Amino acid sequence: MGEFGGWEMPISYAGTVSEHTAVRERAGLFDVSHLGKLIVRGDGVAAFLDTQLTNRMTDLAEGRARYTLICDEDGGIVDDLIVYATGPGERLLVPNAANADEVEQRLRKAAPAGISVERLDWTTLAVQGPASVEVLPEAKDLGYMRVTTAGGRVVARSGYTGEVGFEVFTPAEDAGAAWDVLLQAVEQRGGAPCGLAARDTLRLEMGYPLHGNDIDRATRPSEAGLGWAVKLDGRTFAGSDALREPARRALVGLRMLDRLIPRRDQDVMRDGRAIGRVTSGTFSPTLKAGIALASVEPNEVASGDEVAIDVRGKTGRAVVVRPPFVDRSPK
């Protein structure tokens, strides 16, 4: 167990590599209840969110979900989140644990009359992996980034692992029973409960950024490869003017060519000069090699270029690659 975003969270149950492999090959069950849950309701809720979030919300149809960001006036990323269109005049927002309070306060402060922002004391359980459709057969026809409400719970075809998977939102009082049922179904298919350590190696193999590591308030979306989640045409929201400026950095993937494992804040070098730093680094259980995301000076490197990483005083060799590092798709 370990502290994460103000919560005591499971880091690992039986070992990071075995849990990671269970998700890639079969199924894994994560308790990610630390994620925030905000319900925003009212007439014109989509138009209101369009004034707050980087991605467009007015064309998000009911039953669909969309990744987006909330920025400050300088264009820095306050948080990244997913918005679920759960019903008429209702949107479920899921921010990161450490930023949930700030996102809630920003929305409450900006909300006009008729728009409410409510914090939900709900649990979030994520079933991820190729066998997840057998664990949740009632949701097997749910398309990628789709959401449905049934039996007092919300089920979404979404996740953070790069595999086919679902996230189940349920009232806190039902969490224990929901966990038991899902875990039994996962284990019957050779899967396992999984902690945050495996969640991190899985997301990094896909090149998914983590707030607090790869993105933060000093990072603009275009500097983290997230420009696709910004729609500027005809819109004004916090940071929209700054987001029209050129990117100051670039987020790239690095795959090690030797046995060294890159870690956060280690220098990335080229021709003896520091051009950036590692933002996330780990050992990839799938590739059996070290991988990393790194923030570097723009136009310094391209895919296929070789760079060096200062790994605790040793020089590691790495090649620049475009994530994902593994051939996987959540679709």
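The values are calculated or read from the model by the stated rules, or taken from the named source; none is laboratory data. Quantities reported herein were computed from a predicted structural model and do not represent experimental measurements. Don't worry about glycine lacking a Cβ; one is built from the backbone with ideal geometry, like all the others, and counts go over all protein chains shown.
What the table shows:
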{"item": "Check on Gly87, of a type in the set (Gly, Ala, Ser), in contact with an Asp or Glu (Cβ under 9 Å, 6 or more places away or on another chain) and over 30 Å from Val186 (Cα atoms)", "result": "no"}
{"item": "Breaking point among (1) touching a strand residue (DSSP E or B) at 6+ places or on another chain (Cβ under 9 Å); (2) part of a loop (DSSP other than H, G, I, E, B); (3) closer than 28 Å to Arg235 by Cα, for Ala14", "result": "(3)"}
{"item": "Residue count for region 294-316, restricted to those that are in a strand (DSSP E or B) and surrounded by 13 or more Cβ atoms within 10 Å (Cβ to Cβ)", "result": "9"}
{"item": "Lone qualifier among Val301, Val307, Val278, Val311 - being more than 23 Å from Thr219 (Cα to Cα) and of a type in the set (Val, Ile, Thr)", "result": "Val311"}
{"item": "Matching strands (runs of 3 or more DSSP E) fully within region 217-293 where at least 3 residues are of a type in the set (A, V, I, L, M, F, W, C)", "result": "250-256, 273-284"}
{"item": "Filtered residues of region 165-185 (kept if closer than 30 Å to Gly253 by Cβ and touching a helix residue (DSSP H, G or I) at 6+ places or on another chain (Cβ under 8 Å))", "result": "Gly165, Phe166"}
{"item": "Segments classed as strands (runs of 3 or more DSSP E), wholly inside region 51-166, with at least 2 members that are crowded, with 21+ Cβ neighbours inside 10 Å, among the charged types (D, E, K, R) and touching a residue at least 24 places away in the same chain (Cβ under 8 Å)", "result": "77-87"}
{"item": "Residue identified as modelled with pLDDT under 95 and of a type outside the set (Phe, Trp, Tyr) among Gly195, Gly225, Gly234, Gly239", "result": "Gly234"}
{"item": "Residue in region 214-221 that is touching a helix residue (DSSP H, G or I) at 6+ places or on another chain (Cβ under 7 Å) and under 17 Å from Asn299 (Cβ atoms) present", "result": "yes"}
